[in-house]
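The values are calculated or read from the model by the stated rules, or taken from the named source; none is laboratory data. Worth saying up front: this structure is predicted, and the values here are computed from it rather than measured. We place every Cβ from the backbone using ideal geometry, glycine too, and count neighbours over all the protein chains shown. Accessible surface is based on the protein model in full, side chains and every heavy atom, while ligands, DNA and RNA are left aside. Shrake-Rupley method; radii C 1.70, N 1.55, O 1.52, S 1.80 Å.
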Amino acid sequence: MPPRFAGADAASLPLYIIAEDELAAFLQGAGASHSAWLQASGFDASLGALRLLPGPGGISGAVAGLGSAKSRQRQRFGLARAASALPEGTVWHFATELPDDLAAEAALAWLLAAYRFDRYRPGKKPADPARLKAPANIDAPRIEAMVAGECLTRDLINTPARDMGPDQLEAAFRELAAAHGAHVKVITGEDLISQNFPLIHAVGQASPRAPRLLDLHWGNQGPRLTLVGKGVCFDTGGLDIKPANGMLLMKKDMGGAATTMGLAKMIMALNLPIRLRLLVPAVENVIAGNAQKPKDIVTSRKGLTVEINDTDAEGRLVLADALALATEEETDLLISMATLTGAARIAVGPDLAPYWAQDDATALALERGAKSGFDPVWRMPFHTPYEPVIEPGIADLDNAPGFGFAGAITAALFLRRFADHPRYMHFDIYGHTPTDAPARPKGGAGQGARAILNALPDMLGL
């Protein structure tokens, strides 16, 4: 079960949250024994610092450092370090009234910090982590939905490809749908050819685990939202094989699928008044005698021919057929998410989710949602003058132009050829936290989902 807030009637201990510039005033009012203890132990109210307060029965409360405005800018979710250090089996409430945004960030961080991936090491997770009663000035159901969606995303990405191939991803997809009363359709293997998904089939045909297209519909009223997530469950690079160290994180190459599934879980759990469609092309890009070959030319679902100049640029291929399908049905907003290019990581690093947007108003709404969701994003350009770069001459499109520059942008331009929609957005995410960080343990991570969730009221007029 994902982490949740403690019940409002649970017995709880006070947690005082003190900024560095408020420490002196707090010490004056804390009582002689607590003040002396905090000073003697060197408590400086730095971000995430924690001291338990002694009392007649053992622990009477705790004090956590909020740091300074500058330190909070330099480290997201810093208070989660204090939450993670509290004793197991305890329940807490914020004894300090925080501004709405700080209270929401702290509460979200608390729940996210309780996540552990323990499928293969069951004793790793604390038996009974410290719990928090929801502060009165936050939207607790919304934060719990965000956390549940993020935990699903992390679990999916963290699971090795041996146990998370296209078939297991389909099972997780069906389980998500069943939990929320959604309808699922799946097209598998050779049926992809007969039903005109040639690019999805071409990428996944070499794997003994058949490629497939997962299609979920939920909701029967309100505006339409279509999500498309890249579900490459493992990527060897195909015949353009990656070096060994390039494959070490390729279990996360279905991070787009995992993140859109997490976002769909948030939307359905909150019962938002929209009609949701989620498309996930689920494949493995592996090597066999029937693997697609460099310089193959494949005619896509949309009718555009694509020259395969690099079999390791497969994500945009499977997304292309799914995006073409998405535009065949009316929708008000179309969003794709993928762990697509190394160029995006070079541009913005692992912590930011770069995105492209056709529409400025939609982008502005997303920026507001990112701020309120504590989910940083960065807008990149659909730079149309680069369009000729993805046109090889022998075919309509080139999946891996030898331009040498702007790889994330040319990939986004490739996808835009198939997403014929005025309100199309694309996210090129990393889906992984490289080292342990507050509320974000090393491993799988969603990016952009909370930003989108919080922006939907503005983007769709809810």
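Applying the set (1) open to solvent by 50 Å² or more (accessible area, probe 1.4 Å); (2) on the phi > 0 side of the Ramachandran plot; (3) under 17 Å from the mean Cα position of the chain (by Cα) to Ser372 leaves exactly one unmet item: (2).
If you take the residues of the stretch 106-124 that are in a loop (DSSP other than H, G, I, E, B) and of a type in the set (Phe, Trp, Tyr), which of them is least open to solvent (accessible area, probe 1.4 Å)? Here the residue is Tyr115. Has the stretch 102-120 got any residue that is within 28 Å of Gly373 (Cα to Cα), modelled with pLDDT of 95 or more and of a type in the set (Asp, Glu)? Yes, because at least one residue in the stretch 102-120 is within 28 Å of Gly373 (Cα to Cα), modelled with pLDDT of 95 or more and of a type in the set (Asp, Glu).
Taking into account only those residues within the stretch 390-413 that are in contact with a strand residue (DSSP E or B) (Cβ under 6 Å, 6 or more places away or on another chain) and not aliphatic (A, V, I, L, M), which is most open to solvent (accessible area, probe 1.4 Å)? Among them, the one singled out is Asp396.
Scanning the stretch 330-375 for residues that are part of a loop (DSSP other than H, G, I, E, B) and under 22 Å from Gly444 (Cα atoms) returns Thr339, Leu340, Thr341, Gly349, Pro350, Asp351, Leu352, Phe374, Asp375. Among the residues of the stretch 284-299, those identified as open to solvent by less than 50 Å² (accessible area, probe 1.4 Å) and either part of a strand (DSSP E or B) or without any contact (Cβ under 8 Å) to a residue 40 or more places away in the chain (or both) are Glu284, Asn285, Val298. All but one of (1) open to solvent by 70 Å² or more (accessible area, probe 1.4 Å); (2) of a type outside the set (A, V, I, L, M); (3) farther than 19 Å from Gly315 by Cβ hold for Glu387, so report the exception by its number. Failed condition: (1).
Listed by first and then second residue, the pairs linking a residue in the stretch 369-392 that is under 24 Å from Ala406 (Cα atoms) to a residue that is surrounded by 15 or more Cβ atoms within 10 Å (Cβ to Cβ) and at pLDDT below 95, with Cβ atoms under 6 Å apart and 6 or more places separating them unless they lie on different chains, are Val389/Pro401; Ile390/Pro401.
Of all residues in the stretch 176-191, at least one satisfies being closer than 15 Å to Leu325 by Cβ, surrounded by fewer than 20 Cβ atoms within 10 Å (Cβ to Cβ) and among the charged types (D, E, K, R). One residue alone among Ala10, Ala36 is within 30 Å of Glu150 (Cα to Cα) and among the hydrophobic types (A, V, I, L, M, F, W, C), and that residue is Ala10. Are any of the residues in the stretch 446-461 open to solvent by 30 Å² or more (accessible area, probe 1.4 Å) and touching a strand residue (DSSP E or B) at 6+ places or on another chain (Cβ under 8 Å)? No, because not a single residue in the stretch 446-461 is open to solvent by 30 Å² or more (accessible area, probe 1.4 Å) and touching a strand residue (DSSP E or B) at 6+ places or on another chain (Cβ under 8 Å).
So for the stretch 259-275 (the condition being at positive phi, more than 19 Å from the chain's Cα centre (by Cα), open to solvent by 10 Å² or more (accessible area, probe 1.4 Å) and in contact (Cβ under 8 Å) with a residue 60 or more places away in the chain), does at least one residue qualify? There is no residue in the stretch 259-275 that is at positive phi, more than 19 Å from the chain's Cα centre (by Cα), open to solvent by 10 Å² or more (accessible area, probe 1.4 Å) and in contact (Cβ under 8 Å) with a residue 60 or more places away in the chain. When the residues of the stretch 66-83 are filtered to those that are touching a Gly at 6+ places or on another chain (Cβ under 7 Å) and part of a loop (DSSP other than H, G, I, E, B), the one that is most open to solvent (accessible area, probe 1.4 Å) is Leu79.
Residue by residue, here is whether (1) in contact with an Asp or Glu (Cβ under 7 Å, 6 or more places away or on another chain); (2) of a type in the set (Gly, Ala, Ser); (3) open to solvent by 50 Å² or more (accessible area, probe 1.4 Å) holds:
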position	(1), (2), (3)
Gly57	no, yes, yes
Ala64	no, yes, no
Ala85	no, yes, yes
Thr96	no, no, no
Ala136	no, yes, yes
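Between His183, His201, the distinction of being in contact with a His (Cβ under 6 Å, 6 or more places away or on another chain) and either basic (Lys, Arg) or at pLDDT 95 or above (or both) belongs to His183 only. All told, Asp436 falls short of being open to solvent by 40 Å² or more (accessible area, probe 1.4 Å) and over 18 Å from the mean Cα position of the chain (by Cα). Taken over the stretch 1-28, the criterion of being surrounded by fewer than 16 Cβ atoms within 10 Å (Cβ to Cβ) and either in contact (Cβ under 8 Å) with a residue 60 or more places away in the chain or within 32 Å of the chain's Cα centre (by Cα) (or both) is satisfied by Met1, Gly7, Ala8, Ala10, Ala11, Pro14. Just so you know, in the stretch 205-220 the residues that are within 16 Å of Val280 (Cα to Cα) and over 24 Å from the mean Cα position of the chain (by Cα) include one that is most open to solvent (accessible area, probe 1.4 Å), and it is Arg209. Looking only at the stretch 29-43, which residues are open to solvent by 40 Å² or more (accessible area, probe 1.4 Å) and farther than 14 Å from Ser60 by Cα? Residues satisfying the conditions are Gly29, Ala32, Ala36, Gln39, Ala40, Gly42. If you go through the stretch 346-403 and keep only what is of a type in the set (Val, Ile, Thr), farther than 26 Å from Gly238 by Cα and touching a Leu at 6+ places or on another chain (Cβ under 8 Å), you end up with Thr362, Val377, Thr384.
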